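Trainee: Before anything else, here's the structure in question.
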Amino acid sequence: MFSKGVATGIPDPGTFVTLLTPIANFFSISFGVASIGLLFSISFLHLETNGFLRKSAINNLKWISTFAILWALSEMLVILLTLSNLLAQPITASLDLTSIRSYLWQTSLGKVQLTQVVIAVVIAIVIPIIRNIRGSIALFILGMAGIITPIFQSHGSESGLHGLAIGSLIFHVIGITLWVGGLVSLFFIAPEV
């Protein structure tokens, strides 16, 4: 009657996709939170001189760029795994460019995931040239927008009378991101000499 935990006759993307999806989601969220935590750190916790970053903050720019690249890559994997789940086929069969393009441009979930990838890539590209607080704050705000974007796609976000729930979820995600990201950033704060 059942094979691999799925009823016979029901399409299944396979065990690999089923097991890898939550792991990829975890890493995508973790790298995003780490990126934002370090952006928060250099924007608000590090000492600055006349609005410009000091050496200790500049040393963290490479870490922010690395975490942002890892955020983008893991989110790209999430996109492929989500598409594979939706099409109920192995990930190799989901590598069709037409399917990927249709998913990213025609579905709300695909648009949200593409937005996150673009934001992570922008942070990774722009952060190495940032030398002042204004630039780091702008990227911090952009990163926060990337983290909260999926909330607007969640179930019920388009239904009536869900504004309070969505608003509450936004504040929770922002708070958790600042808290966990702030804890991560403590490992990268060097004492001023």
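Trainee: Using a Förster radius of 45 Å, what is the FRET efficiency between L97 and A138 based on their Cβ-Cβ separation? Nearest 0.05, please.
Mentor: 0.85
Trainee: Which whole number of Å³ per residue matches the convex hull of the alpha-carbon atoms in region 25-72?
Mentor: Dividing the Cα hull volume of region 25-72 by its residues yields 56 Å³.
Trainee: Further question: Write down the accessible area per residue of region 15-111 in Å², having rolled a 1.4 Å probe over the full set of protein chains.
Mentor: Here the per-residue accessible area is 51 Å².
Trainee: Once both axes come from the Cα atoms, what is the angle between helix 163-186 and the longest principal axis of the chain, in degrees from 0 to 90, rounded to 10?
Mentor: 60 degrees
Trainee: How do 135-147, 35-47 rank on mean C-beta neighbours within 10 Å, highest first?
Mentor: The densest-packed peptide leads the list: 35-47, 135-147.
Trainee: Only Cα pairs within less than 10 Å get springs; with that Gaussian network setup on the chain, which residue of L73, L87, L114 has the largest fluctuation?
Mentor: So, out of L73, L87, L114, the one fluctuating most is L87.
Trainee: Could I ask something else about it? Size of the dipole of the chain about the Cα centre, Lys and Arg at +1 and Asp and Glu at -1 on the beta carbon, nothing else charged, in debye to 20?
Mentor: That gives the chain a dipole magnitude of about 380 debye.
Trainee: Starting from the Kirkwood radius over alpha-carbon pairs of the chain, derive D by Stokes-Einstein at 37 °C in a medium of 0.692 mPa s and give it in µm² s⁻¹.
Mentor: Once the numbers are plugged in, D ends up at 181 µm²/s.
Trainee: Compute the distance in nm between two label points, each set 7 Å from the Cα along the Cα-to-Cβ direction, one at T107 and one at R131.
Mentor: The two pseudo-label positions are separated by 4.5 nm.
Trainee: If you don't mind, another one. GNM on the chain, C-alpha springs below 10 Å: top fluctuator among A93, A24, A68?
Mentor: In this elastic network of the chain, the residue with the biggest mean-square fluctuation among A93, A24, A68 is A93.
Trainee: Taking a 1.4 Å probe, which of K111, K55, K62 shows the most accessible area, and what order do the others take after it?
Mentor: From most exposed to least exposed: K55, K62, K111.
Trainee: Ignoring everything but the protein chains, give the 1.4 Å probe accessible area of F31 in square angstrom, nearest 10.
Mentor: 40 Å²
Trainee: Okay, next question. Provide the net charge surrounding N50, with neighbours chosen by a C-beta distance below 13 Å and charges set as Lys +1, Arg +1, Asp -1, Glu -1.
Mentor: Net of charged neighbours comes to +2.
Trainee: Okay, moving on. Taking a ≥ b ≥ c as the square roots of the eigenvalues of the Cα gyration tensor of region 88-167, is the shape rounded (a/c under 1.5), prolate (a/b larger than b/c) or oblate?
Mentor: oblate
Trainee: For region 40-129, take the convex hull of the Cα atoms, compute a quarter of its surface area, and give me that in nm², please.
Mentor: Mean projected area of the Cα convex hull: 7.0 nm².
The values are calculated or read from the model by the stated rules, or taken from the named source; none is laboratory data. On a predicted model such as this, the values are computed, not experimentally measured, just so you know. With ideal geometry, Cβ positions are generated from the backbone for all residues, glycine too; neighbour counts draw on all protein chains shown. Heavy atoms of the whole protein, side chains included, go into the accessibility calculation; ligands, DNA and RNA do not. Shrake-Rupley method; radii C 1.70, N 1.55, O 1.52, S 1.80 Å.
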